[in-house]
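Please read the structure below before turning to the comments.
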Amino acid sequence: MEMFTLSGVEIISQVDVTVQDFWAWAYSNILSNRNRSIFAEFLVAAALGLTHQPRIE
């Protein structure tokens with residue numbers, strides 16, 4: 001399965017919302033225990049110029 005980066009404007013047509021709506025709802029608290037480590041990984045990846053592809057779980 002090929003991975004690609006979503007922009008957030010993709011529409012989830014069954015419920016007429018965007019991927020960005022989901023991200024805002026689910027991940028707005030970037031300092032929660034669950035999201036903090038992923039946010040830290042993102043900051044490191046950004047500093048190293050490695051955000052051109054999605055994070056692999």
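FYI, it's all coordinate maths here, none of it is from the lab. For clarity, every value in this text was computed on a predicted model and none was experimentally measured. All Cβ positions, even for glycine, are placed from backbone atoms using ideal geometry, and neighbour counts span all protein chains on display.
When the range 38-57 is examined, which residues are found to be outside any helix (DSSP H, G or I) and aliphatic (A, V, I, L, M)?
Leu48, Leu50, Ile56, listed by residue number.
Residue check: is Arg55 surrounded by 11 or more Cβ atoms within 10 Å (Cβ to Cβ) and more than 12 Å from the chain's Cα centre (by Cα)? When the stated conditions are applied, Arg55 does not pass them.
Of the candidates Leu50, Leu31, the single residue that is among the aliphatic types (A, V, I, L, M), surrounded by 12 or more Cβ atoms within 10 Å (Cβ to Cβ) and out of contact with any Pro (no Cβ under 7 Å at 6 or more places or on another chain) is Leu50. Scanning the range 1-25 for residues that are more than 15 Å from Pro54 (Cα to Cα), surrounded by 10 or more Cβ atoms within 10 Å (Cβ to Cβ) and hydrophobic (A, V, I, L, M, F, W, C) yields Ile11, Ile12, Val17, Phe22, Ala24. Residues in the range 1-25 that are aliphatic (A, V, I, L, M) and over 10 Å from the mean Cα position of the chain (by Cα): Met1, Met3, Val9, Ile11, Ile12, Val15, Val17. Close contacts from the range 33-52, counting a first residue that is in contact (Cβ under 8 Å) with a residue 24 or more places away in the chain and a second that is exposed (fewer than 10 other Cβ atoms within 10 Å of the Cβ) and not β-branched (Val, Ile, Thr), with Cβ to Cβ under 7 Å and a gap of 6+ residues or different chains, come to none at all.
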